[in-house]
Amino acid sequence: MSNPVLGNSPNAAINKNILARYFQIPIPENKVQAMYIWIDGSGEYVRAKTRTLDFIPKKPSELPIWNYDGSSTGQSSGMNSDMYLYPVAIYPDPFRLGNNKLVLCDTYKHDKKPAETNHRHSCLKAMEAAADQHPWFGIEQEYTLLDMDYRPFGWPKGGFPGPQGPYYCGVGADKVYAREIEEAHYRACLYAGINIAGTNAEVMPAQWEFQVGPCEGISIGDELWVARFLLHRVAEEFGIVVTLDPKPMPGDWNGAGAHCNFSTKAMREANGIIEIEKAIDKLSKQHVRHITAYDPHGGKDNERRLTGKHETSSIHDFSAGVANRGASIRIPRSCAEEKKGYLEDRRPASNCDPYKVAETIVRTVCLNE
């Protein structure tokens, strides 16, 4: 009998205990495995490869610039394929343990200009310009688990589970599927130093959420991308696919978002509700700009999700309200009562680039651009 926790990927059939034996082999103290991670040409997925270092890096600037074949990642032609990886953040590796590292990288073309999907470059400039306002972000990353047939994991073959209702924050074998992935991912994030705030089962069965933040400035993008890498990497071992598709199942099922909680220092102080309302007014005047920035395909993915149903606003109209999950911007009830805190932008799609989301919010709200 097959293990019901595992998917139908060939990875699920591999005996992981054999690998554990090799991980018991000590490596020389002066050797470090550094896994370089970067965003590929899709703007949605990450790639990774490993190199050996003969020192333990303490900061990104100590790490060597590396290269890769951009023609195999949708970022360059085969006639001029070399792309460059510039290390920007280092994290402990929860898979290899020891002194081994995960290295998040920026991508640059042969002429040393940022790659088309390198949105960190411009985001960093916005964060530096708004640093005196201390922008904080928290992103609620929703995702869906699929089997190798790209059907939600645990759903009946050729059929559907019961209607939504019992699955959100559910407990029980008939309500949640593959909690093992969520638990393993949570631990991996904590080990890596990701500021993961929590997790929960979501409204659609086989859908989960984790939250990253609060993070100040550029770190929200760094940490969310590494958390996504960790999620894909954990699920790989179970033979299960992770999708960030904003509407993985058509019909009467919830989509997946990446709600962005945002505040400035002024919003977090006494009577900060005034600043929150000012920010909402600015956001209302730039709705199209934000919709365009909030998924990798200029809003086309979000069209399937932002329908005004299933706890979403309409993609065509801007709205705001206290405790309103059907609004573009939600003010949490606790913030309205305390007259300070943060706002929640519910428009970003689950496959958004957090650098673009954070940059667009900061340029609209903090830099008045």
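The values are calculated or read from the model by the stated rules, or taken from the named source; none is laboratory data. Predicted model only: the values in this text are computed from it and were never measured. Ideal geometry is used to build each Cβ from the backbone, glycine not excepted, and the neighbour counts take in all protein chains shown. Side chains included, ligands, DNA and RNA excluded: accessible areas come from the protein's heavy atoms. Shrake-Rupley method; radii C 1.70, N 1.55, O 1.52, S 1.80 Å.
Look at the dipole of the chain built from charges on Cβ: of 85, 350, 273, the Cα furthest out on the positive end belongs to 85. Per-residue SASA remark: residue 268, around 60 Å² accessible (1.4 Å probe; ligands, DNA and RNA not included). Counting charges near residue 33 (Lys, Arg +1; Asp, Glu -1) among other residues having Cβ under 9 Å from its Cβ returns a value of +3.
Let's see if you can work this out: charge +1 on each Lys and Arg Cβ, -1 on each Asp and Glu Cβ, no other charges. What is the dipole magnitude of the stretch 127-367 about its Cα centre, in debye to the nearest 20? Here the stretch 127-367 has a charge dipole of around 560 debye.
Simple rule: put +1 on each Lys or Arg Cβ and -1 on each Asp or Glu Cβ in the chain, find the dipole, and look at 38, 302, 189; the Cα lying farthest toward the positive end is 38. Put 290, 110 in order of accessible area, highest first, and with a 1.4 Å probe you get 110, 290.
Computed from point charges on the beta carbon alone (+1 for Lys and Arg, -1 for Asp and Glu), the dipole magnitude for the stretch 1-142 about its Cα centre is near 480 Debye. Heavy-atom accessible area, probed at 1.4 angstrom with all protein chains present, ranks 79, 249 as 79, 249, highest first. Taking a ≥ b ≥ c as the square roots of the Cα gyration tensor eigenvalues, with a/c under 1.5 meaning rounded and otherwise prolate when a/b beats b/c, else oblate, which class fits the stretch 1-96? Oblate, because a/c is 1.5 or more while a/b does not exceed b/c.
Inter-label distance, residue 59 to residue 323: 4.7 nm, where each label sits 7 Å from its Cα along the C-beta direction. A probe of 1.4 angstrom, applied to the heavy atoms of all protein chains, finds residue 105 with accessible area near 10 square angstrom. So, taking all protein chains as they sit and a 1.4 Å probe, how much accessible area belongs to residue 316, in Å² rounded to tens? Looks like 150 Å² after rounding.
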